[in-house]
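Student: Quick one: this structure, given as structure tokens, is what I'll be asking you about.
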Amino acid sequence: MRNFVQKTAKLTFLIAALFAFVASDQDARFQTLGHKVMCICGCNQVLLECNHVGCTYSDRMRGELASYVDRGDSDDLTLQAFVQKYGPTVLIAPTTTGFNRVAWVMPYLVLVLGLTTVVLIVRTWRTRPQVIAAGGGGRAGDAELEHYREQARKDTEV
């Protein structure tokens, strides 16, 4: 009899631990998925962090998320169901497939092309040859400039 009680206690503990593990796994999945989805009430907050009092969207969406997790749907299937129902803006980060890949790459590409253009323009300006006017061997118009300086000195003498 004592052996039976010990085995029953061990089995009960094992089953309780298994349910606790499954429940914690479901809670972790719920938290992970809930932080990948945005509330659609217009607050632009993560679904699990929507703090609007009486927000009907977040309560309903949390219920849907819990039902998907309890049902055992995969993460991708759950997120796809939210996209089907609420549109692609429900996701915190866009997917990296199709046109969304271009949306991820384009800002960096524009930045690199802009910096390259600026560097090339600055190099061109630096290496541009200086124009020397035809005439004397020195700087262009030295004699003429000296004439105007002399004229200014005469005009400004008191």
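The values are calculated or read from the model by the stated rules, or taken from the named source; none is laboratory data. Predicted, not measured: the structure shown is a model, and the values here were computed from it. For neighbour counting, all protein chains shown are included, and Cβ atoms are generated from backbone atoms with ideal geometry for every residue, glycine included.
Student: Could you identify the single residue in R29, R101 that is at pLDDT 85 or above and either part of a helix (DSSP H, G or I) or among the aliphatic types (A, V, I, L, M) (or both)? Walk me through how you get there before you give the answer.
Tutor: Details: R101 fails: at pLDDT 85 or above.
Matching residue, one of R29, R101: R29.
Student: Also: Check Y68 against each of (1) surrounded by 10 or more Cβ atoms within 10 Å (Cβ to Cβ); (2) out of contact with any helix residue (DSSP H, G or I) (no Cβ under 7 Å at 6 or more places or on another chain) and name the one condition it does not meet.
Tutor: (2)
Student: Looking at R123, is it modelled with pLDDT of 90 or more and not assigned by TED's automatic domain parsing to the domain that holds N44? Break it down stepwise before answering.
Tutor: Values: modelled with pLDDT of 90 or more: yes; not assigned by TED's automatic domain parsing to the domain that holds N44: yes.
It is true that R123 is modelled with pLDDT of 90 or more and not assigned by TED's automatic domain parsing to the domain that holds N44.
Student: Given the residues T95, T78, which is the only one that is of a type outside the set (K, R), without any contact (Cβ under 8 Å) to a residue 24 or more places away in the chain and either surrounded by 11 or more Cβ atoms within 10 Å (Cβ to Cβ) or part of a loop (DSSP other than H, G, I, E, B) (or both)? I'd like the intermediate steps shown before the answer.
Tutor: Working: T78 fails: without any contact (Cβ under 8 Å) to a residue 24 or more places away in the chain.
Every option except T95 fails the conditions.
Student: Residue under question is R153, and the condition is that it be modelled with pLDDT of 85 or more and closer than 20 Å to F30 by Cβ; does it hold?
Tutor: Working: modelled with pLDDT of 85 or more: yes; closer than 20 Å to F30 by Cβ: no.
No: the conditions fail for R153.
Student: Name the residues in segment 47-65 that are surrounded by fewer than 17 Cβ atoms within 10 Å (Cβ to Cβ), part of a helix (DSSP H, G or I) and of a type in the set (S, T, N, Q), would you?
Tutor: T56
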